[in-house]
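Here's the structure, in structure tokens; my notes come after.
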Amino acid sequence: MTHKGFTLWLTGMSGAGKSTIAEQLMAGFHAEQAKVELLDGDIVRTNLSQGLGFSREDRDTNVRRIGFVCEILSRNGVIAVVAAISPYRATRDEVKAKIENFVEVYVECPVDVLASRDVKGLYKKALAGDMANFTGISDPYEPPENPDVVIHSDTETLSESVDRIWRELERRELITRATDLPA
């Protein structure tokens with residue numbers, strides 16, 4: 001596979017499937033020996049953004065830090081895959097404006113489905129009012145206005161979602177695959 005440096009940013013609420021989709025994409029990139037890095041929101045929070053809370057200012061700082069790393073990686077020919085809630089549209093748009101090849105993927109899923117998937121019971125607590133600053137419940141989540149790809153993780157299979165993202169990357173000529181990807 002040949003590729004340009006670009007950022008593939010998966011945004012959506014907790015439990016929507018961002019990390020699962022990102023992991024499948026990473027398997028495909030690795031199979032093609034692409035230069036690629038994954039910035040998963042949970043991992044970034046424990047390393048790059050350790051100490052930040054969940055106020056709007058701290059969330060924006062976290063997204064800006066991820067964006068800064070993506071800008072450097074993309075500029076140097078690396079594919080940066082991001083799987084992060086990144087709840088505020090203005091901050092995502094700010095990051096997008098700084099990165100030449102930026103592909104925004106909105107992983108959409110209804111709250112009732114997210115709550116049914118939630119093994120930790122966080123949605124249940126948030127919906128009962130027992131958890132503050134929970135994105136999409138007690139704190140806002142602002143969906144992208146014009147994402148490049150919309151994934152409906154409640155109705156699409158993982159394979160269908162990943163394939164739609166790959167087709168968009170090929171359409172933009174950011175990647176050219178030498179072989180078919182593993183299913």
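Would you check which residues across segment 30-60 are under 16 Å from the mean Cα position of the chain (by Cα) and either assigned to a helix (DSSP H, G or I) or among the small types (Gly, Ala, Ser) (or both) and list them? Scanning segment 30-60 gives 41, 42, 43, 44, 45, 59, 60. Taken together, the residues in segment 162-178 that are assigned to a loop (DSSP other than H, G, I, E, B), surrounded by 14 or more Cβ atoms within 10 Å (Cβ to Cβ) and either basic (Lys, Arg) or without any contact (Cβ under 8 Å) to a residue 60 or more places away in the chain (or both) amount to 1. All but one of (1) part of a helix (DSSP H, G or I); (2) surrounded by 14 or more Cβ atoms within 10 Å (Cβ to Cβ); (3) touching a residue at least 12 places away in the same chain (Cβ under 8 Å) hold for residue 159; which doesn't? Result: residue 159 fails condition (2) only.
Every listed requirement among (1) among the hydroxyl-bearing types (Ser, Thr, Tyr); (2) in contact (Cβ under 8 Å) with a residue 24 or more places away in the chain; (3) farther than 17 Å from residue 20 by Cβ is met by residue 46 save one, (2).
Could you identify the single residue in 10, 25 that is at negative phi, out of contact with any Ser or Thr (no Cβ under 7 Å at 6 or more places or on another chain) and in a helix (DSSP H, G or I)? None of the others qualify; the one that does is 25. Among the residues of segment 145-176, the ones that are touching a Ser or Thr at 6+ places or on another chain (Cβ under 9 Å) and under 14 Å from residue 102 (Cα atoms) come to 4 in all.
No value in this document is a laboratory result; all are computed from the given coordinates. All values reported here derive from a predicted model rather than from experimental measurement. Cβ sites come from the backbone with ideal geometry, for glycine too, and all protein chains shown count toward neighbours.
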